[in-house]
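What follows is a set of notes on a single structure, which appears directly below.
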Amino acid sequence: MLSTLIMALLAMLPAAQGAQKPFELAPGARYDSRIPSLKDVIGHDFGEQISTPEQIAAYMKALAAADPDRTRLLEYGRTWEGRPLILLIVGGAGRISGIDGIKAGLQKLADPRSLAAAEADRLVKELPAVVWLIHAVHGNEISSPDAALAEAYHLLAARGDAAVDAILQNTLVLVDPLQNPDGRARFLAANQQGRAAVPDSEPVSAEHDEPWPGGRSNHYLFDMNRDWLAMSQIETKARARIGLEWLPQVVVDLHEMGGESTYYFAPPAEPANPYITPRQREWLQSFGKENARHFDARGFEYFVREVFDSFYPGYGDSWPMLQGAIAMTYEQASPRGLVYRRGDDTLLSFRDAVVHHFTAALSTLETAARNRETLLRDYLEYRRSAIAEGEKAQVREYWVPAGVDGSRAIAFANKLLEHGIEVRRAEESLKSGATVLPAGTFVIPAAQPAYRLLRNLMEPEIRMDDAFLKEQERRRQKRLGDRIYDVTAWSLPLLYDLEVVPSATPAGVRTRSVGPAPLSMAPSPPTAKVGYLMPWGLGTAGAAVEALRAGVRMRTAGEPFTIGSRKFEVGTAIVRTSDNSPEVLAQFRSIVARHDVEIVRLDSSWVDEGMSLGSNEATLLKTPKVVLAWDAPSRSESAGWARYVLERQFGQPVTAVRASSLRRLDMRRYNVLILPSGSYTFSEEDVRRMKDWVSTGGVLVTFSEASRWATGERVGLLSTGTELRDGRPAVEPPKDEKKPAPDPKKPFDYDQAIQPDRESPESVPGALMRVTLDREHWLASGLDEEIQVVVEGSRVFTPVKLDRGRNVGIYAKKDRLLAGGHAWQNSQELLPQKAFLIDQPLGRGHVIAFAEDPNFRALSPAMQLLFINAVLMGTSR
């Protein structure tokens, strides 16, 4: 067989100083032949080939069928492309037969508010510790799914192994073999198409070098290891439900990293999230030391700390950590194929990578089994102490009113429910000092088991350690690069642009629980004589997209107006009965009932102040026909975020066209073109065609680096530019420009002499910054005067002049700029009152440019509303 030939050839390849060691999954292990091996079911052995998603599912089914007394196989969800997400639960026969009771006991342990001490003690003595092994959230991190198959096989087939017997008796093992089947399938398609007759170890060979977008991300090109905060993807939502259903005490998220490295396990690098407890950090040390003992015994290299931190709460390890688990990331150097040649000419094989992950997972299971009762007792104490901290906190409750866009408040409450946070709703008005909030305000109590996660989600800023920041400042001054691994701010109220009233005392009014079912806002509206008004917002935008596709004629207000005592702002949607047939209106009423929309019935079109409903300022919306630039050179995540937000958040169809094929597209069929962030190099003819298309009524929307491209001298789509670190324009200086000669009378200034002549602004490490909006402009519809945006990068755009366009959004003044997270001093000096969102008319069309990506990780509904406003309203203005 070909696979046998390949493995024979692999065995002949040189290692560091000699022949490859014989393959051994677990030294000295004896296996029961009644449990099928991977080769029995699939045709290749562990680590011999890269198993496909279909083979992984088939083997897990075979194991469950072979040993039903010690397994349960669950399909817990489906990917966007329809592939199953599976979970194999492994335990002793007695554990599996009582699995429903175990789950009920874990739920009691996780919420000790109504748990008697004797009952808690009984549960701790009797329950198994739950260990959740989750593999390959990144589809091109290939070794851990095959390691998962080996883990499951070893637990079921090993005989005479005291460590395995203890694991089956003392733990319940949840094996999720493949978190990202869609990404893995994409990687394998490229790998197999590029694979040589004999595996090629050359790092840049076709079998290792993935084409755009690579297999790391899911169908919508999201990095799902950052999605545990936004929980935007159906795969992440499904996994979170598993986490909240089984409430594990130990979680391991198995990854891969660059092939030149070795193996990483806990403890993590600094900074740590401040809501990780000292006891959890002790456990990270304990698990790390046990892993080290096993790796040392087998001669495997490893490292700890150094790189991967646990600060951002949206990782696959930090989210369960903040629920009370001991959660860890493990990283194996990736062969990105069957064999990889490192820089020192040693070879890393896929088989070796599988064995390393298998060894770390088994070590973790042994440690958990040996410490079952202590882990359960510490988990109980974590949940108890979280409640106690909430009871003593300065903020006892968070009150969140509907504000200007009730649909955003509902989306926020639903997001908290997905995180396992308790949410209530006031049935009476609330009062805090002079502040009175209406009935219907959301009330989030601090005294709950997930309090530490709640603090992470609610607070404007989670502080990094001062010593860590001081060290990063030192490195920054020497241009060594900081070691801030991910974003530094993520407050959900700021991202949703919601008012939060922190209350030092409980509300003292009637409230009702609103979970776990998703919330909705309004029933289907009654018929009206004249029509309907819908204040613009997140829900209205979604309803408008669907209504336009159904043939509803809808207008939006270009100016504010008042009817009775109610003021309606710019962007208010207007649907007149005279514009629509009774059948279309019936369909419209059905549509708005499916969205979280406030709808106001009109029996008269008289307005008391402001724009008349029959004014030309009430602009008829056109159905957007959207093209999205796809493939290189666009940044894959930016393209995927935009496509997801359009298709799934708002139901807006979008045609993805490869950037290299845009010149072949008949743009007359479309009225919106979106350029995600990317390093575009369109020809002069391409740019001319783009300008001609915009001038005839098209809308060009650019994000971050695409906006920088649009300012280029040879492009000229935006009449502005970016700035350097010292505030000068980022344009090439004249070739004959002379530098001033140094003054010989002044002493030599070494620090000044080594500063670069031309340098980009300092990069902002994912902070939240305030942006002031021009509410008279339709792009700001549905939002108030100030929102918070995610800033990540080094782009600084000079505001456009009044005669060329509108600066719809500018960064706030310095004293109000930073809303959360960290930004270096240079950024805080440069960014105030610089452009965030520009609308530049061109003929009958518009160029709409965002300085940052409004769809960043699908985190911010407020930023997404700006984006959909550009898509929906731009073609009508």
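The values are calculated or read from the model by the stated rules, or taken from the named source; none is laboratory data. Not measured: the values here are computed from a predicted model. Note that we place each Cβ from the backbone using ideal geometry, even for glycine, and neighbour counts take in every protein chain shown. These area figures cover heavy atoms from the full protein model, side chains too; ligands, DNA and RNA do not enter into them. Shrake-Rupley method; radii C 1.70, N 1.55, O 1.52, S 1.80 Å.
Taking Cα atoms of the range 212-321, Rg/Rh with Kirkwood Rh, to two decimals?
Values: Rg = 15.3 Å, Rh = 15.5 Å.
That ratio equals 0.98.
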Worksheet entry | lysines with Cα under 26 Å of K739, excluding same-chain neighbours fewer than 8 positions away | K478
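So what is the calculated 222 nm ellipticity per residue for the chain, using -39500 (n - 2.57) for each DSSP H run with n of 4 or more, over all residues, to the nearest 500 deg cm²/dmol? All intermediate terms of the calculation are to be shown ahead of the outcome.
Numbers: 27 runs with 291 residues, N = 877.
That calculation yields -10000 deg cm²/dmol at 222 nm.
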Fill in: Per principal axis, descending, Cα span of the range 140-287 in whole Å
47, 43, 30
Worksheet item: So, in Å, what gap is there between the alpha-carbon centers of the range 657-725 and the range 133-192?
Response: 45
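Report in % the part of the accessible area of the range 39-144 that belongs to carbon and sulfur, leaving out ligands and nucleic acids; probe 1.4 Å.
Values: 1900 of 3800 Å².
The C+S portion of the solvent-accessible surface of the range 39-144 is 50 percent.
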Worksheet item: Scattering from the C-alpha atoms of the range 110-159 alone, worked out with Debye: what is log10 I(q)/I(0) at q = 0.24 1/Å?
Response: -0.90
Discussion item. Please give the charge dipole size of the range 757-877, origin at the Cα centre, charges +1 on K and R Cβ atoms and -1 on D and E Cβ atoms. Round to the nearest 20 debye.
Written reply: 300
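What does the extension gain come out to for E260 and E245, with contour length at 0.36 nm per residue minus their alpha carbon separation? Could you put the intermediate results ahead of the total?
Working: separation 15, 0.36 × 15 = 5.40 nm, distance 3.84 nm.
Result: 1.6 nm gained on full extension.
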Worksheet item: When DSSP assigns beta bridges and you keep just the ones with both residues in the chain, what percent turn out antiparallel, to the nearest 5?
Response: 65
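Expected output is a single nm value to one decimal: the length gained when fully extending between A467 and K622, i.e. 0.36 nm times separation in residues minus the C-alpha distance. What is it?
Working: separation 155, 0.36 × 155 = 55.80 nm, distance 5.48 nm.
Full extension from A467 to K622 adds 50.3 nm.
What is the percent carbon and sulfur in the accessible area of the range 328-476, measuring with a 1.4 Å probe over the protein chains and ignoring ligands? Could the numbers behind the result be given before it?
Values: 2280 of 5060 Å².
The C+S portion of the solvent-accessible surface of the range 328-476 is 45 percent.
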Worksheet item: What is the Cα radius of gyration of the range 95-183 over 2.2 N^0.38 Å, N being its residue count?
Response: 1.35
Fill in: Paired Rg and Dmax values of the range 591-631, which use every Cα atom, in angstrom
16.5, 52
Worksheet item: If packing is taken as the mean number of other Cβ atoms within 10 Å per residue, what is the order of 322-334, 270-282, highest first?
Response: 322-334, 270-282
Discussion item. On the principal axes of its Cα set, how long, how wide and how thick is the range 475-624? Give whole Å, largest value first.
Written reply: 66, 47, 32
Worksheet item: If you count, for each residue, the other Cβ atoms within 10 Å and average over each peptide, how do 748-755, 209-216, 374-381 line up from highest to lowest?
Response: 374-381, 209-216, 748-755
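Distance cut-off 28 Å, Cα to Cα: go down the list K431/K529; K61/K125; K103/K415; K108/K392; K746/K813; K746/K834 and report the pairs above it.
Pairs exceeding the cut-off: K431/K529; K61/K125; K746/K813; K746/K834.
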Worksheet, complete the sentence: Here, trypsin sites (Lys or Arg not before Pro) of the range 816-846 satisfying both criteria (DSSP loop; at most 13 other Cβ within 10 Å) are R844
Practice prompt. Report, in debye and to the nearest 20, how large the dipole of the chain comes out about its Cα centre when Lys and Arg carry +1 and Asp and Glu carry -1 on their Cβ.
Written response: 1500
Item to complete: Count the DSSP beta bridges whose two residues both fall in the range 538-658, then state the antiparallel fraction as a percent rounded to the nearest 5.
Response: 65
Fill in: Reciprocal of mean inverse Cα separation for the chain (Kirkwood radius, Å)
29.5
Worksheet entry | Burial ranking of peptide ranges 556-563, 102-109, 634-641 (average Cβ count within 10 Å, highest at the top) | 634-641, 556-563, 102-109
Worksheet item: Taking only protein heavy atoms and a 1.4 Å probe, what accessible area per residue, in Å², does the range 150-259 have with all protein chains in place?
Response: 26
Worksheet item: Can you give the % of DSSP beta bridges in the range 81-192 that are antiparallel, to the nearest 5?
Response: 35
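Roll a 1.4 Å probe over the protein chains and send me the accessible area per residue for the range 742-834 in Å². Don't skip to the end; give the middle numbers.
Numbers: 4740 Å² over 93 residues.
Solvent-accessible surface per residue comes out at 51 Å².
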Item to complete: Please list, or write none, the aspartates and glutamates whose alpha carbon is within less than 17 Å of the alpha carbon of K622, excluding same-chain residues fewer than 8 places away.
Response: E546, D579
Worksheet entry | Positive-end residue, the range 265-333 charge dipole about Cα centroid, Cβ charges, pick of S318, Q280, P267 | Q280
Worksheet item: In what sequence, largest accessible area first, do E256, E301, E81 appear using a 1.4 Å probe?
Response: E301, E81, E256
